[in-house]
Amino acid sequence: MRCSHRRKRRSSPSHSWCLLSCIHMARVFVYGTLKKGQPNYYRMFESANGTAEFLASACTTQKYPLVIAGKYNIPFLLNIPGQGHRVQGEIYKVDDKMLKFLDDFEGVPTMYQRTQVDLEVKEWVGKTEGEERPAAGSVTEAFVYSTTAYQPDWPSLPCYESYDAYGDHGLEYVTKEGRD
């Protein structure tokens with residue numbers, strides 16, 4: 001949590017008070033359409049949604065099934081540790097407003113659930129503000145949007161290590177605006 005203090009004075013110097021404004025920043029791991037170069041990446045930087053800052057490229061320390069499913073070809077990280085691949089993605093630092101936007105965008109808690117995941121840092125480029133910069137190969141935690149609410153056949157779908165909406169899988173992602 002990062003807090004900043006500002007003092008204001010009333011007309012009398014004996015009447016002063018401290019206003020405390022706290023900005024909570026959380027780390028979020030994105031692996032699908034919110035990554036750089038993907039259809040929803042722009043949403044991470046719309047000021048109306050809050051603020052986000054790219055910190056690092058990373059992969060999950062455990063294997064998970066990353067599948068493309070449903071009639072809109074949405075990437076889903078199934079919360080089945082030990083199956084699939086170590087999933088590649090990006091870590092962002094986000095404020096509370098962006099975290100709330102992402103919860104809404106991801107359909108928490110019905111479509112996805114926001115949980116903690118351990119990640120192996122590939123390359124850290126973001127600022128750390130008072131913390132030591134994580135080295136490549138080190139492990140850090142972040143929130144991830146995964147699901148336990150999936151169709152019975154989804155665990156048997158092809159699994160991906162890295163999602164690309166424009167990949168050779170031939171499953172065209174349908175944006176929220178393009179859905180019926």
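All of the numbers you see were taken from the coordinates with simple rules; none came from a lab. Predicted model, so just to flag it, every value in this text is computed and none were measured. Every residue, glycine as well, gets a Cβ built from its backbone with ideal geometry; the counts of neighbours run over all protein chains shown.
For Thr110 and Glu46 in the same chain, what is the full-extension length gain: residue separation times 0.36 nm, less their Cα-Cα distance, in nm?
20.6 nm
Evaluated at 20 °C with a viscosity of 1.002 mPa s, what Stokes-Einstein diffusion coefficient in µm²/s does the chain have when Rh comes from the Kirkwood expression over alpha-carbon pairs? Each step should come with its number before you reach the end.
Numbers: Rh = 17.8 Å.
D = 120 µm²/s.
In which sequence would Tyr166, Tyr64 go, from the one with the fewest C-beta neighbours within 10 Å to the one with the most?
Details: Tyr166 10, Tyr64 23.
Ranked by crowding around the Cβ, least crowded first: Tyr166, Tyr64.
Rounded to the nearest 500, what is the 222 nm mean residue ellipticity of the chain from helices alone, with -39500 (n - 2.57) per DSSP H run of 4+ residues and division by all residues? Don't jump to the answer; show the numbers that get you there.
Values: 1 runs with 10 residues, N = 180.
One gets -1500 deg cm²/dmol as the mean residue ellipticity at 222 nm.
Given an 8 Å cut-off on Cα distances and at least 6 residues of separation, report the relative contact order of the chain as a percent.
Details: 372 pairs, mean separation 47.4, N = 180.
Over the chain, the number comes to 26 percent.
In whole Hz and in residue order, list the ³J(HN,Hα) couplings for segment 76-87 that follow from phi through the Karplus curve 6.51 cos²θ - 1.76 cosθ + 1.60, θ = phi - 60°; x for Gly and Pro.
10, 9, 6, 7, 10, x, x, 10, x, 10, 6, 7
Within 10 Å of each residue's Cβ, count the other Cβ atoms and sort Thr60, Thr140, Thr148 from fewest upward. Before the final figure, lay out each step's value.
Numbers: Thr60 25, Thr140 19, Thr148 11.
Lowest to highest Cβ neighbour count: Thr148, Thr140, Thr60.
For segment 105-146, what does the relative contact order come out to in percent, with C-alpha contacts under 8 Å and a separation of six or more?
Details: 53 pairs, mean separation 21.1, N = 42.
Computed value for segment 105-146: 50 percent relative contact order.
Would you list Ile91, Ile80 from fewest to most Cβ contacts within 10 Å?
By the 10 Å Cβ count, ascending, the order reads Ile80, Ile91.
Hey, what angle do you get for helix 96-105 against the long axis of the chain, alpha-carbon based, 0 to 90 degrees rounded to 10?
20 degrees
Just from the alpha-carbon atoms, what are the Rg and Dmax of segment 111-180 in angstroms?
For segment 111-180, the Cα-based Rg and Dmax read 16.7, 47 Å.
Please give the net charge around Asp118, taking every other residue with its beta carbon less than 13 angstrom from that of Asp118, where Lys and Arg add +1 and Asp and Glu add -1.
After counting each charged neighbour, the total is +1.
Each label point is 7 Å from the Cα along the Cα-to-Cβ direction; what then is the distance between the points at Val139 and Tyr166, in nm?
3.6 nm
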